[in-house]
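In what follows, a single structure is set out as structure tokens and then discussed.
The values are calculated or read from the model by the stated rules, or taken from the named source; none is laboratory data. Just so it is clear, the model here is predicted, and its values are computed rather than measured. Here the Cβ is made from the backbone with ideal geometry for all residues, glycine too, and neighbour counts use every protein chain on show. Ligands, DNA and RNA are stripped out before the accessible areas are found, and what is left, the full protein with its side chains, is counted by its heavy atoms. Shrake-Rupley method; radii C 1.70, N 1.55, O 1.52, S 1.80 Å.
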Amino acid sequence: MTQPRDYQRSTVNPISTLPAYDGELGARLTADGTAFTVWAPTAEAVTLRLFATGSDDELGARAIAERPMASGPRGTWHVEIPEWLAGVYYDFLVAFPDGTVNRAADPWARAGRRERRAQHGRGPGPNQPRRLGRRPRP
């Protein structure tokens with residue numbers, strides 16, 4: 001059985017139809033603090049969450065703050081925090097029009113030592129909050 005020519009276009013939202021963004025993404029330390037930008041063009045809302053540690057099992061584990069992000073150009077979401085957050089862990093809650101809310105790690109995060117251990121089967125898993133810090137050296 002063959003599908004009508006427009007079947008895929010009417011039932012799936014192919015990524016090629018979403019707005020492209022060629023600016024900086026991820027967390028960046030700025031002169032005024034820390035800026036976070038994420039590309040989530042199908043989201044209805046995005047919230048930045050900040051944590052003291054990378055997992056609930058660590059000593060001192062606690063949530064630091066939650067900040068709603070503002071919708072920006074070409075499917076981006078952005079928030080600026082007026083302090084340097086180097087060493088702070090973070091993730092995003094992404095809400096969609098159908099009511100679904102997904103927890104997401106930042107794919108642009110500069111991995112710290114714990115994340116490198118996780119890639120080799122030790123330490124927190126891939127959905128744990130990421131740590132804002134320096135980009136690891138090759």
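Annotation: of all residues in region 61-76 being touching a Ser or Thr at 6+ places or on another chain (Cβ under 9 Å) and among the aliphatic types (A, V, I, L, M), the one that is most open to solvent (accessible area, probe 1.4 Å) is Ala61.
Tallying residues that are small (Gly, Ala, Ser), outside any helix (DSSP H, G or I) and modelled with pLDDT of 90 or more within region 62-104 yields 7. For region 20-41: of the residues being within 12 Å of Ser71 (Cβ to Cβ) and open to solvent by 30 Å² or more (accessible area, probe 1.4 Å), which is nearest to the chain's Cα centre (by Cα)? Looking at residues that are within 12 Å of Ser71 (Cβ to Cβ) and open to solvent by 30 Å² or more (accessible area, probe 1.4 Å), I get Trp39. Residue pairs whose Cβ atoms lie under 9 Å apart, separated by 6 or more positions or on different chains, with the first residue in region 60-76 and closer than 17 Å to Leu50 by Cβ and the second small (Gly, Ala, Ser) and in a strand (DSSP E or B), are Pro68/Ala45; Met69/Ala45.
Within region 46-60, being of a type in the set (A, V, I, L, M) and buried (at least 16 other Cβ atoms within 10 Å of the Cβ) holds for Val46, Leu48, Leu50.
Each residue in region 55-100 was checked for being more than 17 Å from Gly26 (Cα to Cα) and either more than 13 Å from the chain's Cα centre (by Cα) or of a type in the set (Ser, Thr, Tyr) (or both), and 16 pass.
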